[in-house]
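Single-structure report; data block below.
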Amino acid sequence: MGSYTTLTVPTPERMNGLGERLAGLLRPGDLVLLSGELGAGKTTLTRGLGVGLGVRGAVTSPTFVIARVHPSLVGGPALVHVDAYRLGGGLDEMEDLDLDVSLPESVVVVEWGEGKVEDLSESRLEVRIERGDAEVSVDGPDPRRVTLNGLGSRWDGVDLAALDAR
Ligand SMILES: Nc1ncnc2c1ncn2[C@@H]1O[C@H](COP(=O)(O)OP(=O)(O)OP(=O)(O)O)[C@@H](O)[C@H]1O
Ligand SMILES: [Mg+2]
């Protein structure tokens, strides 16, 4: 059932590239949950998704905006980028965002969404980003471990391991 892989991503540029390649697997109705501590690289990955999906507008870390819709420039799905960091628990508090309305035609990517948005879809892609715990020098590499877990029938047979840049 589903699909699973874990990758090492050495740099922000490679995190962007991973997002670009992941975009190639995504289609309308896909829900992507990004988890990981502050500064893990969730927005960096989403920026790559935006490039890969060919959407309008730069993906940023919103200060006040909780959800931003980036329409497609290439006739594909819009990217709905949600930062749920400031939202309390439960789908109730997300209801004003009308994600259920936009999801069928969009790719919905949610940072800090665990426990808040799972009810939106039967299937979802969970992406967990973790920093290595080794001390790294200021100029040294700062690799991330990225675990992708496709849950539900949508992700059956999807080769997530092929996302590794090699
Ligand atoms: N291997 C790496 N992958 C991703 N980002 C990295 C990596 N190494 C360093 N970085 C840096 O880490 C930071 C990640 O920031 P980003 O805004 O993407 O994190 P975030 O998970 O969205 O944080 P927040 O929870 O605050 O929204 C960036 O400054 C990026 O340049
Ligand atoms: Mg972020």
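Each residue in segment 109-129 was checked for being away from ligand 2 (no atom under 15 Å from the Cβ) and either surrounded by 23 or more Cβ atoms within 10 Å (Cβ to Cβ) or assigned to a strand (DSSP E or B) (or both), and 4 pass. Being modelled with pLDDT of 95 or more and under 13 Å from the mean Cα position of the chain (by Cα) is the requirement here; does Leu79 meet it? Considered against the rule, which asks whether it is modelled with pLDDT of 95 or more and under 13 Å from the mean Cα position of the chain (by Cα), Leu79 comes out as yes.
Restricting to segment 40-59, count the residues that are in a loop (DSSP other than H, G, I, E, B), of a type in the set (A, V, I, L, M, F, W, C) and under 13 Å from the mean Cα position of the chain (by Cα).
Result for segment 40-59: 2.
Among the conditions (1) in contact with a helix residue (DSSP H, G or I) (Cβ under 7 Å, 6 or more places away or on another chain); (2) within 16 Å of ligand 2 (Cβ to nearest atom); (3) of a type outside the set (Ser, Thr, Tyr), the only one that Pro28 does not satisfy is (2). Given Glu37, Glu20, which one is within 16 Å of ligand 2 (Cβ to nearest atom), out of contact with any Pro (no Cβ under 6 Å at 6 or more places or on another chain) and either in contact (Cβ under 8 Å) with a residue 24 or more places away in the chain or not in a helix (DSSP H, G or I) (or both)? Only one candidate passes the filter, namely Glu37.
The values are calculated or read from the model by the stated rules, or taken from the named source; none is laboratory data. These numbers were taken from a predicted model, which means no experiment stands behind them. Neighbour counts are summed over all protein chains in view; Cβ atoms, including those assigned to glycine, are modelled from backbone coordinates with ideal geometry.
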